[in-house]
Amino acid sequence: MRLIMLVALILQMAHAWAEFGTSNRNEDQGITWGLIPYAPIHILEGEYKGQGIADQYLQRAQKALVGYQHFNEVMTPARIWHLITEGEELVCHPSAIKTSKREKIAYFSEAALITPVVRVLMRKTDWQDRLKSKNHLNIADYINANNGVFGIVSQRSYGEKVDEILADSIASGKQIIQTYGQYGSRQLYKMLLRGRIDMMIEYPWVTAYFNKTLIDEGIEVVNLEIADFPRFSPAYAACSRNAEGKAVIDELNKFIRQAVSESSNQQRMINWLDEKEAADFEKDYLEYFNIAN
């Protein structure tokens, strides 16, 4: 009888240990999240610290990933993709653009947000004089006509189509100024305000951030859509392409499906858009995620 009771006790302990091990299987699994020092995706300093498009959203997503340890590290996009490519540790990118090339090295979540694509920025006075207030611009035609000095950030991708146009323009000696480093875009924006360049390319939400944080020089800047470009692109989370990364993406998708229908999800982008861009974005968002208005 005692032997039977002892065996039963051992079986109960084994069952309990199995359940404990299953429920805590990720307890020691760490995820390194790459935070890009590119406001307002992540705002790491100043008056708006922690109020970036991805900041509070990432905190919520991490809480939804029960049983993981989360390590936030500031790094460049190049560094994030290098670590993901190596696949030696579990690394995730919280605000990634999906391409066929990247899908070979990473698992991507379902779309968590859409973002307006890059725009051409000009001073309002130049826009009125040169383009007669047209809202679209053909970049190739404009550069080829030598209608001003173009500013870009060196080694940054603006999308395959624009990159090809810029590369051809540089090779043919057109008027293109390049800046370098983490604050290259901020430097270009200041040059635009001061008239040292005539146009640049940037996301409209970055422009809104500059307008809030840079010294007001009394110059109004307009955003022009690029001809034959989509209005927006989906944004995803990406993780290392291994079993651990796939497990994180599967769990993250559950959170995303619930979050996309919440008004706060679209609001995190709207907070960093001007009035016109915000109105267009809201309409695009509801349509893309098939949400009743």
Quiz item: How big is D, in µm² s⁻¹, for segment 119-226 by Stokes-Einstein at 10 °C and 1.306 mPa s if Rh is the Kirkwood radius over C-alpha pairs?
Solution: 114 µm²/s
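Report Rg/Rh for segment 53-155, rounded to two decimals, where Rg is the Cα radius of gyration and Rh the Kirkwood radius. Don't jump to the answer; show the numbers that get you there.
Numbers: Rg = 19.7 Å, Rh = 17.7 Å.
Result: Rg/Rh = 1.11.
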Quiz item: Tilt of helix 204-213 relative to the longest C-alpha principal axis of the chain, in degrees (0 to 90, nearest 10)?
Solution: 80 degrees
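When ranked by the protection proxy of mean other Cβ atoms within 10 Å per residue, highest first, what sequence do the peptides 129-142, 100-113, 193-206 form?
Values: 129-142: 14.5, 100-113: 16.9, 193-206: 20.2.
Packing proxy ranking, top to bottom: 193-206, 100-113, 129-142.
So what are the chain's ellipsoid semi-axes, whole angstrom, largest first, if each one is the square root of 5 times an eigenvalue of the alpha-carbon gyration tensor? Provide the component values of the computation, followed by the final result.
On the way: eigenvalues 428, 77, 56 Å².
So the equivalent ellipsoid measures 46, 20, 17 Å along its semi-axes.
DSSP beta bridges in the chain, what fraction antiparallel, as a percent rounded to 5?
Working: 18 of 35 bridges.
Given both bridge residues lie in the chain, the antiparallel proportion sits at roughly 50 percent.
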Quiz prompt | Residue-by-residue Karplus 3J(HN,Hα) for segment 174-188, coefficients 6.51, -1.76, 1.60, Hz, glycine and proline x | solution = 6, 7, 10, 9, 10, 10, 9, x, 4, 9, x, 5, 4, 4, 4
Quiz item: How many angstrom separate the Cα center of segment 97-163 from the Cα center of segment 228-293?
Solution: 20 Å
Quiz item: How large is ³J(HN,Hα) for each residue in segment 148-157, as worked out from phi by the Karplus curve 6.51 cos²θ - 1.76 cosθ + 1.60 (θ = phi - 60°), to whole Hz, x for Gly and Pro?
Solution: x, 8, 9, x, 9, 8, 4, 6, 9, 8
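A short reminder: the numbers here are calculations on the coordinates, not readings from a lab. Note that the structure is predicted; figures quoted are calculated from it, not measured. We place every Cβ from the backbone using ideal geometry, glycine too, and count neighbours over all the protein chains shown.
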